[in-house]
Amino acid sequence: MPCHPVHAIALIEAYLPGPDLDRTADPLLRHLRHLRHLRHGGALSEEVIADTAHTHRSGRLTVTPDSGHVVDPGVGCPHPRRITLGAPTNSRALAAFARPRTNAPAFRQNDAGARALLTTLTGPAAADHRPERPAAPVGLGG
């Protein structure tokens with residue numbers, strides 16, 4: 001009701017800060033951001049929205065829209081083994097109230113990211129990075 005006073009003993013703030021690669025508290029993102037400063041281009045790319053008059057740094061991580069692969073600005077293409085999803089990326093799908101069995105955009109994005117990750121882990125290139133296993137079990141003596 002307009003102009004109706006409300007009395008309360010507590011206020012719960014539901015504000016979420018916007019994404020900011022330069023001020024993130026996440027240790028992995030901080031490390032990758034540090035790599036960005038060490039080498040030209042770096043390990044992370046921030047979404048930049050620009051037109052002829054303005055430039056806006058969104059603070060969001062640049063990823064491929066189809067699989068969530070992190071775009072490596074040093075080479076100008078997706079990094080084969082870095083995948084990220086969600087609100088801090090430029091390919092975000094809203095899921096605040098996504099219900100099961102609705103095929104909501106966030107669910108589809110998560111499915112695509114999982115497929116990309118599984119492909120990365122099981123593809124031919126993954127075999128080159130697997131540690132060798134001994135031919136026979138190693139005994140503990142005796």
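Just so it is clear, none of the values below were taken in a lab; they were calculated from the coordinates. Computed from a prediction, not measured in an experiment: that's the story for all the values here. Backbone-built Cβ (ideal geometry, glycine too); neighbour counts: all protein chains shown.
So for segment 27-124, what percent of the C-alpha to C-alpha distances run longer than 22 Å? Result: 37 percent of Cα pairs exceed 22 Å. Computed from label points 7 Å out along Cα-Cβ, the spacing between residue 119 and residue 10 is 4.7 nm. 3J(HN,Hα) along segment 101-118: 6, 10, 6, 4, x, 5, 5, 5, 5, 5, 4, 5, x, 5, 4, 4, 5, 5 Hz, from the Karplus curve 6.51 cos²θ - 1.76 cosθ + 1.60 with θ = phi - 60°, whole Hz, x for Gly and Pro.
In terms of other Cβ atoms within 10 Å, 79, 69, 31 run from fewest to most in the order 31, 79, 69.
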